[in-house]
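Colleague: Next up is a structure, given as structure tokens.
The values are calculated or read from the model by the stated rules, or taken from the named source; none is laboratory data. Everything numeric here is computed off the predicted structure, so don't read it as measured data. Note that each Cβ is placed from the backbone with ideal geometry, even for glycine, and that neighbours are counted across all protein chains shown.
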Amino acid sequence: MMVLLVQRGPRLNRLIAPSPSSRIMSGVRVRFAPSPTGYLHVGGARTALYNWLFARHVGGVFILRIEDTDMDRSKPELTTAILESLEWLGLTWDEGPVYQSQRLARYREMALNLERSGHAYPCFCTPEELQAKRAQAEAERRAWKYDGACRALSAAERERRRAEGRPSAIRFRVPDSGQTSFEDQVFGHIEVQHRDLEDFVLLRSDGHPTYHLGVVADDLDLRVTHVIRGADHISNTPKQILMYRALEAPVPAFAHLPLILGPDKQRLSKRHGATSVGAYREQGVLPEALVNFLVLLGWTPPGQKEIVPREEMIRDFELTAVSKSNAVFDLEKLAWMNSEYVRNLPAEQLRPLVERELTKAGLGARDSGFAPRQEERFKQTVLLLQSRARTLQDFSGAFRAFFTDEFTYDPEAEKKFWKDAALPALIDALAERLAATEPFDVAATEKTLRSLAEEKGVKAGLLINAARVALTGQAVAPGLFEVMLALGRDRVISRLHRAAAHLRAGGK
Ligand code: GLU
């Protein structure tokens, strides 16, 4: 069989059998391994993205694994939501999903193998005993680590206790002395002393694997070559390397990704706003914008570009260019990024997204008889609003008046532009003149408004601003005469009269 030599950092080259697929040339295999105990978090999405980009950059395989062995906290609907979020982001996987819950027998076998080879041993300590020892250590202000009570039991004693049916976990036997080190592709040389590690549990007494056992068994069986994951896993890595060595298996390369912090430099959490990919989707963020935003949380593309099309990400992404400094999740930047993407989206792609947003907001289907929703008008309206949108939600929010008659006046806009006592009469007069304006286009409607202003001795701006609030409910909107065209003559007239009446009634 042909084998490929894979570059895996300075001292980690090894031989790997190639994947059967001819498309896959590099032998590189990476995985994203979320636990379905929550929705896909933006940090998880960044990890998935970096794995995906690395795989696509080198022509490797991207594997999806669902770490669902925590029976109490894992939920199938969360798995579904995670898969949906990944698909929405366009992070398609080549293999999997592999479900850990279907591999329990394999984990058990691996733990028993480690026990047979002397690298692990059964531990009969009960949770109560462990808890008491931990409390004691805390009371004495000693750092607690497992004291190795079951480490030295004789084979006969172990068998006796097992025969009695005493529940036991299986613990890994960490060497007494020495150290384990590795060259992290992002963080560089990392080393821990074995005396600082405890004999960690591999298999729980209920037969379920711990995270370490599941991860190592799977990464090995899936022939993962590069483990790319959050920096919060750095401290787990030496333990996992000890397991690979005990199993006499090749050790993959490791690349840990910088933590993501909120603007206050604290670990990103709900306090900082939405943290799930789904929430940003609901808020009208485009997947390409979110991907672009996430890719910059730890990686600087050549030329320090901000807007990076996906093909360029794939072309330029390098693990060695990932920074180890914490990244800051800046919502303002995401909003800016999204508006760039919305602005530059081809109109045919934007329209269905706007339709979806409007439907979601209960603004009905296009056959409502509302003029701006009719095919041609709708196209023009979306085009008119596109350059001002920051998110898709703007279409059902700030731009609501373009799609329904049910909208309210923004109180700030009222305060600013509806102060003048002459306005009700002026606005009614404008409506009457517009009823007779021919043709009803940008030039003629503008002329109508300006000559009315001149005639009444007021500034055109006064009328323009007041009419904008009357037609859109907002102080800021596209050019007034384009807005008139988008809404159509009848709606313009009725909205102007409505505003005048509202003003006469004292703003009620
Ligand atoms: N299930 C783990 C997590 O969600 C994955 C850890 C790993 O990639 O090794 O953090």
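Colleague: If you scan the range 298-321, which residues turn out to be among the hydroxyl-bearing types (Ser, Thr, Tyr) and under 20 Å from ALA253 (Cβ atoms)?
Modeller: If the condition is that a residue be among the hydroxyl-bearing types (Ser, Thr, Tyr) and under 20 Å from ALA253 (Cβ atoms), then THR320 is the only one that fits.
Okay, residues lined up against (1) part of a strand (DSSP E or B); (2) of a type outside the set (Gly, Ala, Ser); (3) at pLDDT below 95:
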site: CYS150; (1), (2), (3): no, yes, no
site: ILE170; (1), (2), (3): yes, yes, no
site: GLU183; (1), (2), (3): yes, yes, no
site: GLU191; (1), (2), (3): yes, yes, no
site: LEU202; (1), (2), (3): yes, yes, no
site: PRO238; (1), (2), (3): no, yes, no
site: LEU242; (1), (2), (3): no, yes, no
site: ALA249; (1), (2), (3): no, no, no
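Colleague: Sticking with this structure for a sec: Any chance the range 309-317 includes a residue that's part of a helix (DSSP H, G or I) and surrounded by 22 or more Cβ atoms within 10 Å (Cβ to Cβ)?
Modeller: Pass one, the range 309-317, residues part of a helix (DSSP H, G or I): 310-316.
Filter once more, so that each one left must be surrounded by 22 or more Cβ atoms within 10 Å (Cβ to Cβ): none.
No, the conditions are met nowhere in the range 309-317.
Colleague: When residues of the range 28-61 are filtered for being within 13 Å of the ligand (Cβ to nearest atom) and aromatic (Phe, Trp, Tyr), how many remain?
Modeller: Qualifying residue count, the range 28-61: 3.
Colleague: Specify the residue that is surrounded by the most Cβ atoms within 10 Å (Cβ to Cβ); the eligible residues are those in the range 474-497 that are in contact with a helix residue (DSSP H, G or I) (Cβ under 6 Å, 6 or more places away or on another chain) and in a loop (DSSP other than H, G, I, E, B).
Modeller: Result: ALA477.
Colleague: Now, a different point. State whether one or more residues within the range 321-329 are in a loop (DSSP other than H, G, I, E, B) and of a type in the set (Val, Ile, Thr).
Modeller: Filtering the range 321-329 for residues in a loop (DSSP other than H, G, I, E, B) gives 323-326, 329.
Add one more test, that the residue is of a type in the set (Val, Ile, Thr), and what stays is none.
The answer is no, given that none of the residues of the range 321-329 is in a loop (DSSP other than H, G, I, E, B) and of a type in the set (Val, Ile, Thr).
Colleague: Would you point out which residue out of LEU383, LEU462, LEU471 is among the aliphatic types (A, V, I, L, M) and surrounded by 18 or more Cβ atoms within 10 Å (Cβ to Cβ)?
Modeller: LEU471
Colleague: I'm trying to understand the selection: among the residues of the range 145-175, which are polar (S, T, N, Q) and within 19 Å of LEU130 (Cα to Cα)? Even if it seems obvious, please write down each step before you answer.
Modeller: Within the range 145-175, the first condition is being polar (S, T, N, Q), and the residues that meet it are 154, 168.
SER168 - this is the single residue of the range 145-175 that is polar (S, T, N, Q) and within 19 Å of LEU130 (Cα to Cα).
Colleague: Additional query: Could you go through the range 207-225 and let me know if any residue there is more than 30 Å from PHE329 (Cα to Cα) and more than 15 Å from the ligand (Cβ to nearest atom).
Modeller: Yes, the range 207-225 has at least one match.
Colleague: So, in the range 75-93, exactly how many residues are assigned to a helix (DSSP H, G or I), polar (S, T, N, Q) and within 27 Å of ALA321 (Cβ to Cβ)?
Modeller: The qualifying residues number 1.
Colleague: Count, please, the residues in the range 454-473 that happen to be part of a helix (DSSP H, G or I), free of Cβ contacts under 8 Å to residues at least 24 places away in the same chain and over 27 Å from ALA389 (Cβ atoms).
Modeller: Within the range 454-473, residues that are part of a helix (DSSP H, G or I), free of Cβ contacts under 8 Å to residues at least 24 places away in the same chain and over 27 Å from ALA389 (Cβ atoms) number 3.
Colleague: Among the residues of the range 36-65, write down those that are assigned to a loop (DSSP other than H, G, I, E, B), touching a strand residue (DSSP E or B) at 6+ places or on another chain (Cβ under 8 Å) and closer than 16 Å to VAL277 by Cβ.
Modeller: The answer is PRO36, GLY38, TYR39, LEU40.
Colleague: List the pairs whose first member sits in the range 250-264 and is under 12 Å from GLU183 (Cβ atoms), whose second member is among the aromatic types (Phe, Trp, Tyr) and crowded, with 17+ Cβ neighbours inside 10 Å, and whose Cβ atoms are under 7 Å apart, counting only residues at least 6 apart or on separate chains?
Modeller: Pairs that qualify, where the first residue is under 12 Å from GLU183 (Cβ atoms) and the partner is among the aromatic types (Phe, Trp, Tyr) and crowded, with 17+ Cβ neighbours inside 10 Å, are PHE254/PHE182; HIS256/PHE187.
Colleague: For the range 94-115, enumerate the residues that are aromatic (Phe, Trp, Tyr) and either surrounded by 18 or more Cβ atoms within 10 Å (Cβ to Cβ) or assigned to a helix (DSSP H, G or I) (or both). Explain how you work it out, then say what you get.
Modeller: First pass over the range 94-115, keeping only residues aromatic (Phe, Trp, Tyr): 99, 107.
Within the range 94-115, TYR107 is the sole residue that qualifies.
Colleague: Of all residues being among the acidic types (Asp, Glu) and part of a helix (DSSP H, G or I) in the range 406-453, which is farthest from ASN465 (Cα to Cα)? Just the residue, please.
Modeller: Residue satisfying both the conditions and the ranking: GLU432.
Colleague: Can you name every residue in the range 195-225 that is over 32 Å from the mean Cα position of the chain (by Cα) and farther than 21 Å from ARG166 by Cβ?
Modeller: Residues satisfying the conditions are ARG195, ASP196, LEU197, GLU198.
Colleague: Continuing with the same structure: Based on this model, can you work out whether ILE234 counts as surrounded by fewer than 19 Cβ atoms within 10 Å (Cβ to Cβ) and outside any loop (DSSP other than H, G, I, E, B)?
Modeller: yes
Colleague: Is there any pair with a first residue in the range 328-346 that is surrounded by fewer than 17 Cβ atoms within 10 Å (Cβ to Cβ) and a second that is outside any loop (DSSP other than H, G, I, E, B) and among the aliphatic types (A, V, I, L, M) whose Cβ atoms are under 6 Å apart and which are 6 or more apart or on different chains, and what are they?
Modeller: VAL328/LEU261
Colleague: Looking at THR237, THR275, which is the one that is more than 21 Å from GLN179 (Cβ to Cβ) and within 16 Å of the ligand (Cβ to nearest atom)?
Modeller: THR275
Colleague: Then there is this: Looking at ASP72, ASP68, which is the one that is assigned to a loop (DSSP other than H, G, I, E, B), within 12 Å of the ligand (Cβ to nearest atom) and farther than 14 Å from LEU91 by Cβ?
Modeller: Only one candidate qualifies: ASP68.
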